[in-house]
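So the structure is just underneath, and the comments pick up after that.
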Amino acid sequence: MATAFIHHPGCMLHDMGSHHPESPDRLTAVEDYLLATGLMQHLVSEIAPKALREQLLRVHDESYIASIESASPQGGIVHLDPDTAMNPHSLAAALHAAGAVVRATDMVVGGEAENAFCNVRPPGHHACRRRAMGFCFFNNVAVGAAHALEAHGLERIAIVDFDVHHGNGTEDIFEGDRRVMMVSTFQHPFYPYSGMEGRSELMVNIPLAAYSGGAEFRKAVEAFWLPALHEFAPQMLFVSAGFDAHRDDDMASLGLVESDYAWVTRQIMEVADHHANGRIVSTLEGGYNLPALARSVNAHVRQLCGI
């Protein structure tokens, strides 16, 4: 079985303004680089459907979904907060981004692919049950994880988040759900200024100080993530794959490089091979320096492919 590459052209149409870092060019940079390196030929390309309302309702309130729908403009740009805005195509893009993780989940659980990477936007891990924030509308990784639990009957899901920002929305949705473990690293103190108060045996949030590099990141993974994941023995792993902790990304102040992303992907795969029949679904979160993003996704997906 191959690695699935889930995408949708509509995700390119979501645009929050010419100077916004979460731009359509992010997806183009990734796809162009995977084509240029020859990696794309090893992937199974799949067009993402839109997430269904019942799939969104597993992680978001009905009133919240309705508020996003009603905010969708007929023209121009409407801001939900200073960082998060919608144009006329944003709602469809957000539905396709969430639907990508659902489709990836179905493919991996159903044996159509060994694992999957979703090259979609808008990102999702800041989207809370009742709130959009941090460039995010629907929590894509949470929608996929909930689909694995409810539609496929899995009992233990792990979510791995190595974005430079804490995945506060994912924590908000799953905190207290004994079926879900979340392990994360993030720069602290830093937006969204969370991740410390919710730490538990199932919310393994490991803060990294500004200017930490690969050595500190790898130590956190080995000392905290891996023991927790092996004890939890997840039946499937989801990855919030943010690449904005790269040293070339001026969104933040961590110092990871491509080899760190390749290394952590191998660690995740070893856990999945041991406990989850290799089942991994990864979805793009942050990463705003386009060359660094493209190289980092390539390193991540190349490991998923085993080449």
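The values are calculated or read from the model by the stated rules, or taken from the named source; none is laboratory data. Everything quoted here is computed from the prediction, not taken from an experiment. Please note: Cβ atoms are built from the backbone with ideal geometry, for glycine as well, and neighbour counts cover all protein chains shown.
Quick notes on this one:
- Cβ separations smaller than 7 Å between residues 6+ apart or across chains give the following pairs from the range 1-29 residues that are at positive phi to residues that are assigned to a strand (DSSP E or B) and modelled with pLDDT of 95 or more: 17/85.
- The range 98-121 residues that are crowded, with 21+ Cβ neighbours inside 10 Å, paired with ones that are of a type in the set (D, E, K, R) (beta carbon under 6 Å, 6 or more apart): 99/50; 108/279
- Residue in the range 64-85 that is touching a residue at least 60 places away in the same chain (Cβ under 8 Å), under 17 Å from residue 133 (Cβ atoms), touching a His at 6+ places or on another chain (Cβ under 8 Å) and not aromatic (Phe, Trp, Tyr) present: yes
- Every residue from the range 21-38 that is within 19 Å of the chain's Cα centre (by Cα) and in a loop (DSSP other than H, G, I, E, B): 21, 22, 23, 24
Conditions tested, residue by residue: (1) touching a residue at least 60 places away in the same chain (Cβ under 8 Å); (2) closer than 27 Å to residue 152 by Cβ; (3) surrounded by fewer than 16 Cβ atoms within 10 Å (Cβ to Cβ).
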position	(1), (2), (3)
202	no, yes, no
207	no, no, no
236	yes, yes, no
240	yes, yes, no
246	no, no, no
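- Residues satisfying the stated conditions in the range 45-63, i.e. touching a residue at least 60 places away in the same chain (Cβ under 8 Å) and more than 19 Å from the chain's Cα centre (by Cα): 61, 63
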